[in-house]
1. Specify the angular offset, from 0 to 90 degrees and rounded to the nearest 10, of the alpha carbon long axis of helix 118-130 from the longest principal axis of the alpha carbons in the chain.
2. Given LYS29/LYS238; LYS29/LYS210; LYS86/LYS130; LYS172/LYS267; LYS180/LYS258; LYS180/LYS264, which pairs have Cα atoms separated by over 26 Å?
3. Return the ratio Rg/(2.2 N^0.38 Å) for the chain, where Rg is computed over Cα atoms only.
4. With springs connecting C-alpha atoms under 10 Å apart, model the chain as a Gaussian network and identify which of ASN243, ASN52, ASN221 has the largest mean-square fluctuation.
5. Could you compute how fast the stretch 233-282 diffuses translationally, taking Rh as the Kirkwood radius over C-alpha pairs and applying Stokes-Einstein at 25 °C with viscosity 0.890 mPa s? Give it in µm² per second.
6. For the stretch 82-103 and the stretch 132-162, what is the separation of their Cα centres, given in Å?
7. So, counting K/R as plus one and D/E as minus one, what does the shell of residues with Cβ under 12 Å around LEU95 add up to?
8. Tell me, what is the percent relative contact order of the chain, built from C-alpha pairs under 8 Å that lie six or more residues apart?
Amino acid sequence: MTLNNEFLLNDGTTLPHIALGTIDLQGGKGVHQALAALDIGYRVIDTATNYNNEGMVGEVVRRSSIPREQLYVSAKLPGSAHKYDKAISLIQESLFRTGLDYFDKFLIHWPNPKEGLYVEAWKALVDAQKYGLIKTIGVSNFLPEHLDNIIEATGVTPATNQIERHPYFNNKELVQENDKRGIVSEAWSPFGREINDVLTNDTIKDIAAKYDRSPAQVIINWDNQNHVFPVVRSSNPKHQYDNFHYIDFELAQEDLEKIDALDKGEKGRVEGQNPNEYEEFV
């Protein structure tokens with residue numbers, strides 16, 4: 001397993017090696033935090049309707065001196081808008097909120113399988129792409145059966161599937177299922193959020209010491225070498241810098257396996273959000 005300087009998607013799009021997650025980055029403070037990340041080198045900005053910061057993201061794009069075509073803004077469709085017409089309207093509304101002409105990438109945030117409208121939502125994304133509102137379409141938190149249902153219904157395979165993945169829940173089987181379908185896996189909360197001790201885990205710390213790197217850099221590297229695109233949220237410029245500059249070393253196979261062995265299965269999920277059970281309607 002080697003590092004990927006960029007990720008090639010099944011629609012021909014290439015993404016830089018890391019994305020900036022923006023949950024809890026809001027207002028003027030969020031603008032400055034995100035602009036600091038762009039100055040470091042980040043080019044992919046990940047947002048969602050329920051982050052309540054689409055306006056902030058749009059302001060970052062406007063204030064940045066980086067040409068629009070070099071930035072990748074990724075947004076998400078909430079569960080409240082899975083019906084076709086609502087999905088089309090919500091995508092347009094999100095563009096109005098950001099002040100952008102198009103999204104570079106747009107995902108269905110959760111499948112909400114009990115409601116059973118995710119195929120309809122996917123058809124809306126397929127058409128929104130045809131209308132020029134979105135360049136790349138994908139999903140988030142979709143399991144294999146959800147993926148197969150939308151592919152069978154439309155003939156269109158998502159470019160990416162953003163899933164929970166960190167050392168305590170490596171979600172390896174889903175990563176493999178995404179790979180089989182030519183879908184790039186994205187990792188949300190790669191450090192497991194504040195509710196667990198991934199960044200202070202002794203195994204991670206020992207590996208970090210071996211390479212003279214930070215635990216965060218080791219985890220992001222582990223994702224990359226498994227061909228998983230990391231979406232990393234940080235408001236701290238030092239952490240943003242460290243997270244971005246993880247790509248100049250490679251973990252040995254034995255170290256990748258040590259990190260894999262930290263997996264706790266379903267008990268490792270940060271908030272118990274199993275996509276077959278959890279539903280998001282915000």
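The values are calculated or read from the model by the stated rules, or taken from the named source; none is laboratory data. Because the structure is predicted, anything quoted here is derived from the model rather than measured. Positions of Cβ are backbone-derived with ideal geometry, glycine not excepted, and every protein chain shown enters the neighbour counts. SASA here: full protein model, heavy atoms, side chains in, ligands and nucleic acids out. Shrake-Rupley method; radii C 1.70, N 1.55, O 1.52, S 1.80 Å.
1. The helix 118-130 is inclined about 80 degrees to the chain.
2. LYS29/LYS210
3. 0.95
4. Residue with maximal mean-square fluctuation among ASN243, ASN52, ASN221: ASN52.
5. Calculated translational D: 169 µm²/s.
6. 17
7. -3
8. Reported relative contact order: 22 percent.
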